[in-house]
Amino acid sequence: MKFFIDTANLQDIEEAQALGVLDGVTTNPSLMAKEGITGKQNILNHYLAICNIVEGDVSAEVISTDFEGMVREGEELAALHPQIVVKLPMIGDGVKACKYFSSKGIRTNVTLVFSAGQALLAAKAGATYVSPFLGRLDDVSTDGMHLISEIREIYDNYGYQTQILSASVRHTMHIINCAKIGSDIMTGPLSAIKGLLKHPLTDIGLKQFVEDAKKMNL
Ligand code: G3P
């Protein structure tokens, strides 16, 4: 399973990249705003800075909600850097824009997906990635992980090439369950990725090894 980091914070992206396990980055307007980035040119420069840190795909989201606006923005984003993937909302015009971009060979990530039917539409429109938001479903007492398994089953039934990019991942168990179900990618915060490192028996075991190694007078 590929690991993407879901942030626009350059330090977090650098830290995940340095760990050697990072396959890409996802951003959204809320994450960009959180970094205090304002103005079109600064935003475009920030995407370029992210592309210069990682080797994999970087999702950059359009802010228009109409077809023409999404096409205009998406073409500009796609032209910015070969690693950029155009992120589109799961609305009618977003599906139309997804079809438009996929027919032109421009990669897309259809976001704000909360149902299997929406994921099916994204695949039929040729999306490169579909982003089901599992944490936000959990927030409203709905099993987000069940949605991931439904999408996996549907895509496997018909051999859809759209990759499942499980999003709104919040913690380590989301990551582990995504891997068990067969999600192609998960995107989450640095804290969730680093959480996978933790086990008290590892720390106790290493402490003992370090103490015993001293006895060997190396
Ligand atoms: O990739 C989608 C993600 O940014 C949403 O995460 O934690 O805001 O639900 P969250």
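The values are calculated or read from the model by the stated rules, or taken from the named source; none is laboratory data. Computed from a predicted model, the values in this text were never measured in an experiment. Note that each Cβ is placed from the backbone with ideal geometry, even for glycine, and that neighbours are counted across all protein chains shown. Accessible surface is based on the protein model in full, side chains and every heavy atom, while ligands, DNA and RNA are left aside. Shrake-Rupley method; radii C 1.70, N 1.55, O 1.52, S 1.80 Å.
Cα-based Rg of the stretch 2-214 per 2.2 N^0.38 Å, rounded to two decimals?
Normalised Rg, Cα atoms only: 1.08.
With all protein chains present, how much of the accessible area of the stretch 2-214 (probe radius 1.4 Å) comes from carbon and sulfur, to the nearest whole percent?
That fraction is 55 percent.
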Mean Cβ count within 10 Å, highest first, over the residues of peptides 93-100, 41-48: 93-100, 41-48
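How much length is gained if the chain between Lys215 and Gln11 is pulled fully straight, taking 0.36 nm per residue apart and subtracting their Cα-Cα distance, in nm to one decimal?
Result for the pair: 69.5 nm of gain on full extension.
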Mind checking the angle between helix 172-181 and the chain's longest principal axis? C-alpha axes, 0 to 90 degrees, to the nearest 10. 60 degrees
Spin-label point model (7 Å from Cα, Cβ direction): what's the Leu201 to Val21 distance in nm? 1.8 nm
Once each part is reduced to its C-alpha centroid, what is the distance from the stretch 6-34 to the stretch 139-157 in angstrom? 25 Å
Write out the GluC sites (Glu not before Pro) in the stretch 5-41 meeting two conditions: DSSP loop, and at most 16 other Cβ atoms within 10 Å of their Cβ. Glu35
R0 of 45 Å, Cβ-Cβ distance Lys104-Gln208: FRET efficiency to nearest 0.05: 0.15
Given charges of +1 on the Cβ of Lys and Arg and -1 on the Cβ of Asp and Glu, with all other atoms neutral, how large is the dipole of the chain about its Cα centre, in debye to the nearest 20? 200 debye
Quick check: Cα centre of the stretch 172-212 to Cα centre of the stretch 66-98, how many Å? 35 Å
Could you state the accessible area per residue of the stretch 108-204 in Å², with a 1.4 Å probe and every protein chain left in place? 47 Å²
If you only keep lysine pairs separated by 8 or more in sequence, or across chains, how many in the chain come under 22 Å at the Cα atoms? 20
How much space per residue, in cubic angstrom, does the convex hull of the C-alpha atoms of the stretch 1-103 take up? 100 Å³
How far apart, in nanometres, would the label points at Ile37 and Lys124 be if each is projected 7 angstrom from Cα along the Cα-to-Cβ direction? 3.4 nm
Among Met173, Pro82, Asn42, flag the residue with its Cα farthest along the positive direction of the charge dipole of the stretch 2-214, charges on Cβ as +1 for Lys/Arg and -1 for Asp/Glu. Pro82
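Going by average Cβ neighbours within 10 Å, how do the peptides 203-212, 52-61 rank, with the highest at the top? Kindly include the intermediate steps, with their values, before the conclusion.
Values: 203-212: 9.7, 52-61: 20.4.
Ranked by mean Cβ neighbours within 10 Å, highest first: 52-61, 203-212.
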